[in-house]
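**Student:** Got a structure for you, written out below as structure tokens; questions coming shortly.
The values are calculated or read from the model by the stated rules, or taken from the named source; none is laboratory data. Computed from a prediction, not measured in an experiment: that's the story for all the values here. All Cβ positions, glycine included, derive from the backbone under ideal geometry; neighbour counts span all protein chains shown. Just so you know, the surface numbers come from the protein's heavy atoms only, side chains and all, with ligands and any DNA or RNA stripped out. Shrake-Rupley method; radii C 1.70, N 1.55, O 1.52, S 1.80 Å.
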Amino acid sequence: MDRLSRTVAIATLGCKTNQFESAAMEERLNAVGFTVVPFAAGASLVIVNSCTVTAATDSQSRNLIRKARRLNPDCRVVVTGCYAQVDPQALRDIPGVAVVLGNAEKRNFLDFLEEAGEGTRVAVSDISAETEAVPLPLTAFAERSRAFVQIQNGCNAFCSYCIIPYARGRSRSVRADEVVEQIRSLTARGYTEVVLTGIHIGGYGLDLAPATTLLELVERIEGETELARLRLGSLEPTEIPDSLIERIADSAILCPHFHIPLQAGDDAVLQRMNRHYDTRFFRDLVTTIHRRLPEAAIGLDLITGFPGESDDEFAHTLQLIEELPVSHLHVFPFSRRPGTPAAAMAGQVHGAIVKERAARLRELGERKHRAFAQSFIGRTLEVVVERGAGRGACRGLTRNYLNVLFPGNARLAGRRLPVTVDAWRDGALHGTLA
């Protein structure tokens, strides 16, 4: 390793799991003497942690590699992540790529840097053969108030548009004792809030022996740690039982915040997507959550322009969301991903139509979010201070996933404080310390 330059830049595409793993790699690089610099600084070592959800994200990864070489023609580029897992040959052929690592090889990435010689080293194992979740260790986060704990990796769903089961392998869970111990460590370091993350966390524990569940895990965390706040990552609609809703409602630490991938509000589209629920089931689920937790944030993921999506089918999606008590939307225009069934389906929707539909959904999402946020004006809410927002302002996150701006300074970061919300302006809530 002595022969390597000691400056490194990490470019991360995609999901929170990739972001978590990049942060863990950065921590290990710092520990062995590397200086992490911005991508634009032209580091001598560049790591691209790639995403492969769509063909567009593949292209973004390739563009980042070429940009790194333009910034520093002598740099060595390491590519890992999901694109590296599913198509390592395409990356191997790009000039300047020194190492291509699969997702399983991330945990030993420093060893591959030491072994790298002339030419391009490719180390990509069969991810489907992985039977255990071995997350990269991570003890600190750039945001002082929130920490992420990876409890699971992989996915068994095989939705028709998604390449992730092939890039991440089958669902694999971190043992509950390890999760609890990591949260104890983070709490001791001063972290106020922990977010449980993974690819498919609703399936947590089913692969362990003895089998367990996400509900049993959160009960252990609440009973065995001093954590102040626990937030759950994305949960599939079919993996939110009434017992989990009740636990969140009764819990002193679980945040009333649900991130649920709906993907489409039409039954025929859901069938083509290989989603295992219908709109009646989804409506009942959201209604149940809202009835038990009327102030909960309920955010939905949506894909628009899926192959064959007609005007009527899109209208059904709009109507369903109009009628549901949701707080925000994450909208994704459909993009063909080679290797998935959806990429070969008939009825591919024209790009201009996809763009127009996405815009309409985003406008609806903005209206929903504004109405939800404004319903808290005049209330005093507990926030965890995330970071300085500049010009003497702080940003705090409420339990139900609302950002509130208020006067303050960087010394408040990480603290739990009461803020009285008094206005909505410029797309954000504003308040003052109570």
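**Student:** Taking the condition surrounded by 22 or more Cβ atoms within 10 Å (Cβ to Cβ) and within 28 Å of GLN271 (Cα to Cα), does TYR166 pass? Even if it seems obvious, please write down each step before you answer.
**Tutor:** Numbers: surrounded by 22 or more Cβ atoms within 10 Å (Cβ to Cβ): no; within 28 Å of GLN271 (Cα to Cα): yes.
Considered against the rule, which asks whether it is surrounded by 22 or more Cβ atoms within 10 Å (Cβ to Cβ) and within 28 Å of GLN271 (Cα to Cα), TYR166 comes out as no.
**Student:** Sticking with this structure for a sec: Just one of (1) open to solvent by less than 10 Å² (accessible area, probe 1.4 Å); (2) over 22 Å from HIS257 (Cα atoms) trips up VAL180, so point out which.
**Tutor:** Every listed condition holds for VAL180 apart from (2).
**Student:** Please count how many residues of the range 418-429 are open to solvent by less than 30 Å² (accessible area, probe 1.4 Å) and either in contact with a Phe, Trp or Tyr (Cβ under 7 Å, 6 or more places away or on another chain) or at pLDDT 95 or above (or both). Outline the logic, then answer.
**Tutor:** Here is the first cut: in the range 418-429, the ones open to solvent by less than 30 Å² (accessible area, probe 1.4 Å) are 419, 421, 423, 428-429.
Then keep just the ones that are either in contact with a Phe, Trp or Tyr (Cβ under 7 Å, 6 or more places away or on another chain) or at pLDDT 95 or above (or both); that gives 419, 421, 423, 429.
Number satisfying all stated conditions: 4.
**Student:** Continuing with this model, one more query. Look at VAL77 and say whether it is outside any helix (DSSP H, G or I), of a type outside the set (Gly, Ala, Ser) and surrounded by fewer than 23 Cβ atoms within 10 Å (Cβ to Cβ).
**Tutor:** No: the conditions fail for VAL77.
**Student:** Another question about this same structure. Please determine whether any residue of the range 193-215 is charged (D, E, K, R) and surrounded by fewer than 18 Cβ atoms within 10 Å (Cβ to Cβ).
**Tutor:** Our first condition is that a residue be charged (D, E, K, R); within the range 193-215, this holds for 193, 207.
This time we only want the ones that are surrounded by fewer than 18 Cβ atoms within 10 Å (Cβ to Cβ), so: none.
No, every residue in the range 193-215 fails to be charged (D, E, K, R) and surrounded by fewer than 18 Cβ atoms within 10 Å (Cβ to Cβ).
**Student:** Can you tell me which of ALA343, ALA359, ALA434, ALA373 is open to solvent by 30 Å² or more (accessible area, probe 1.4 Å), aliphatic (A, V, I, L, M) and under 25 Å from the mean Cα position of the chain (by Cα)? Quick ask: steps written out before the conclusion?
**Tutor:** Numbers: ALA343 fails: open to solvent by 30 Å² or more (accessible area, probe 1.4 Å); ALA434 fails: under 25 Å from the mean Cα position of the chain (by Cα); ALA373 fails: open to solvent by 30 Å² or more (accessible area, probe 1.4 Å).
After applying the criteria, what remains is ALA359.
**Student:** Hey, another quick one. Has the range 71-89 got at least one residue that is small (Gly, Ala, Ser), under 20 Å from the mean Cα position of the chain (by Cα) and closer than 24 Å to VAL32 by Cβ?
**Tutor:** To start, the set of residues in the range 71-89 that are small (Gly, Ala, Ser) comprises 81, 84.
Imposing the further condition that a residue be under 20 Å from the mean Cα position of the chain (by Cα) reduces the set to 81, 84.
Next, from what is left, pick out any that are closer than 24 Å to VAL32 by Cβ: 81, 84.
Yes, some residue in the range 71-89 is small (Gly, Ala, Ser), under 20 Å from the mean Cα position of the chain (by Cα) and closer than 24 Å to VAL32 by Cβ.
**Student:** Continuing with the same structure: Any chance you could count how many residues in the range 392-417 are within 23 Å of the chain's Cα centre (by Cα), part of a strand (DSSP E or B) and touching a residue at least 12 places away in the same chain (Cβ under 8 Å)? Before you say what the answer is, go through the steps one by one.
**Tutor:** Narrowing the range 392-417 to residues within 23 Å of the chain's Cα centre (by Cα): 395-404, 413-414.
Narrowing the set further to residues that are part of a strand (DSSP E or B) leaves 395-398, 403-404.
Okay, now just the ones that are also touching a residue at least 12 places away in the same chain (Cβ under 8 Å), so 396-398, 403-404.
Qualifying residue count for the region: 5.
**Student:** Suppose we filter LEU64, LEU71 for residues that are of a type in the set (A, V, I, L, M) and open to solvent by less than 70 Å² (accessible area, probe 1.4 Å); which single one remains?
**Tutor:** Working: LEU71 fails: open to solvent by less than 70 Å² (accessible area, probe 1.4 Å).
Exactly one residue qualifies, and that residue is LEU64.
**Student:** Out of GLU386, GLU382, I need the residue that is closer than 19 Å to ILE253 by Cβ, within 22 Å of the chain's Cα centre (by Cα) and assigned to a strand (DSSP E or B). Which one?
**Tutor:** On the way: GLU382 fails: within 22 Å of the chain's Cα centre (by Cα).
Every option except GLU386 fails the conditions.
**Student:** Further, regarding this structure: Go through GLU236, GLU226 for me and flag whichever is in contact with a Gly (Cβ under 6 Å, 6 or more places away or on another chain) and open to solvent by 10 Å² or more (accessible area, probe 1.4 Å).
**Tutor:** Numbers: GLU226 fails: in contact with a Gly (Cβ under 6 Å, 6 or more places away or on another chain).
None of the others qualify; the one that does is GLU236.
**Student:** Which of the following residues is touching a strand residue (DSSP E or B) at 6+ places or on another chain (Cβ under 8 Å), outside any loop (DSSP other than H, G, I, E, B), of a type in the set (Gly, Ala, Ser) and at pLDDT below 95: SER128, SER61? Explain how you work it out, then say what you get.
**Tutor:** Numbers: SER128 fails: touching a strand residue (DSSP E or B) at 6+ places or on another chain (Cβ under 8 Å).
Result: SER61 is the single residue among SER128, SER61 that is touching a strand residue (DSSP E or B) at 6+ places or on another chain (Cβ under 8 Å), outside any loop (DSSP other than H, G, I, E, B), of a type in the set (Gly, Ala, Ser) and at pLDDT below 95.
**Student:** Looking at (1) part of a helix (DSSP H, G or I); (2) free of Cβ contacts under 8 Å to residues at least 40 places away in the same chain; (3) in contact with an Asp or Glu (Cβ under 9 Å, 6 or more places away or on another chain), which one does ASP284 not meet, given that it meets all the others?
**Tutor:** (3)
**Student:** For the range 137-150, indicate whether the set of residues that are in contact with a Leu (Cβ under 7 Å, 6 or more places away or on another chain), in contact (Cβ under 8 Å) with a residue 24 or more places away in the chain and open to solvent by less than 20 Å² (accessible area, probe 1.4 Å) is non-empty. Walk me through it before giving the result.
**Tutor:** Residues of the range 137-150 that are in contact with a Leu (Cβ under 7 Å, 6 or more places away or on another chain), as a first pass: 147, 149.
When the remaining residues are screened for being in contact (Cβ under 8 Å) with a residue 24 or more places away in the chain, the result is 147, 149.
Of the ones still in play, those that are also open to solvent by less than 20 Å² (accessible area, probe 1.4 Å) are 147, 149.
Within the range 137-150 (the criterion being in contact with a Leu (Cβ under 7 Å, 6 or more places away or on another chain), in contact (Cβ under 8 Å) with a residue 24 or more places away in the chain and open to solvent by less than 20 Å² (accessible area, probe 1.4 Å)), the answer is yes, since at least one residue qualifies.
**Student:** Say whether the condition of being outside any helix (DSSP H, G or I), within 14 Å of ALA84 (Cβ to Cβ) and in contact with a Cys (Cβ under 6 Å, 6 or more places away or on another chain) is met by at least one residue in the range 25-45.
**Tutor:** No.
**Student:** Which of the residues spanning the range 302-334 are of a type in the set (D, E, K, R) and open to solvent by less than 20 Å² (accessible area, probe 1.4 Å)? Lay out the reasoning, then the answer.
**Tutor:** Going residue by residue through the range 302-334, those that are of a type in the set (D, E, K, R) are 309, 311-313, 322-323.
Once the filter is applied, which keeps residues that are of a type in the set (D, E, K, R) and open to solvent by less than 20 Å² (accessible area, probe 1.4 Å), the range 302-334 yields only GLU309.
**Student:** Regarding TYR191, is this residue of a type outside the set (Asp, Glu), more than 28 Å from ALA84 (Cβ to Cβ), out of contact with any Pro (no Cβ under 7 Å at 6 or more places or on another chain) and modelled with pLDDT under 95?
**Tutor:** Values: of a type outside the set (Asp, Glu): yes; more than 28 Å from ALA84 (Cβ to Cβ): yes; out of contact with any Pro (no Cβ under 7 Å at 6 or more places or on another chain): yes; modelled with pLDDT under 95: yes.
Taking the combined requirement at face value, the residue satisfies it.
**Student:** Show the residue pairs meeting these rules: Cβ distance below 8 Å; 6+ apart or different chains; first residue within the range 19-42 and without any contact (Cβ under 8 Å) to a residue 40 or more places away in the chain; second residue in a loop (DSSP other than H, G, I, E, B).
**Tutor:** Note: pairs meeting the criteria are GLY33/ARG6; PHE34/ARG6; THR35/ARG6; VAL37/ALA43; GLY42/ASN72; GLY42/CYS75.
**Student:** Just the residues that are of a type in the set (Gly, Ala, Ser) and crowded, with 16+ Cβ neighbours inside 10 Å, please, taken from the range 18-32. Before the answer, list the steps.
**Tutor:** Start the filter on the range 18-32 by keeping residues that are of a type in the set (Gly, Ala, Ser), which leaves 22-24, 31.
Result: SER22, ALA23, ALA24.
**Student:** With respect to VAL97, is the statement that it is closer than 24 Å to VAL32 by Cα, surrounded by 21 or more Cβ atoms within 10 Å (Cβ to Cβ), in contact with a helix residue (DSSP H, G or I) (Cβ under 8 Å, 6 or more places away or on another chain) and modelled with pLDDT of 95 or more true?
**Tutor:** Working: closer than 24 Å to VAL32 by Cα: yes; surrounded by 21 or more Cβ atoms within 10 Å (Cβ to Cβ): yes; in contact with a helix residue (DSSP H, G or I) (Cβ under 8 Å, 6 or more places away or on another chain): yes; modelled with pLDDT of 95 or more: no.
Considered against the rule, which asks whether it is closer than 24 Å to VAL32 by Cα, surrounded by 21 or more Cβ atoms within 10 Å (Cβ to Cβ), in contact with a helix residue (DSSP H, G or I) (Cβ under 8 Å, 6 or more places away or on another chain) and modelled with pLDDT of 95 or more, VAL97 comes out as no.
**Student:** What do you reckon, is ASP111 farther than 14 Å from ARG168 by Cα and in contact with a Ser or Thr (Cβ under 8 Å, 6 or more places away or on another chain)? Quick ask: steps written out before the conclusion?
**Tutor:** On the way: farther than 14 Å from ARG168 by Cα: yes; in contact with a Ser or Thr (Cβ under 8 Å, 6 or more places away or on another chain): no.
It is false that ASP111 is farther than 14 Å from ARG168 by Cα and in contact with a Ser or Thr (Cβ under 8 Å, 6 or more places away or on another chain).
**Student:** Would you check which residues across the range 169-205 are in contact (Cβ under 8 Å) with a residue 24 or more places away in the chain and among the small types (Gly, Ala, Ser) and list them?
**Tutor:** First, pick out the residues of the range 169-205 that are in contact (Cβ under 8 Å) with a residue 24 or more places away in the chain: 169-176, 179-180, 182-187, 189-205.
GLY169, SER171, SER173, ALA176, SER185, GLY190, GLY198, GLY202, GLY203, GLY205, listed by residue number.
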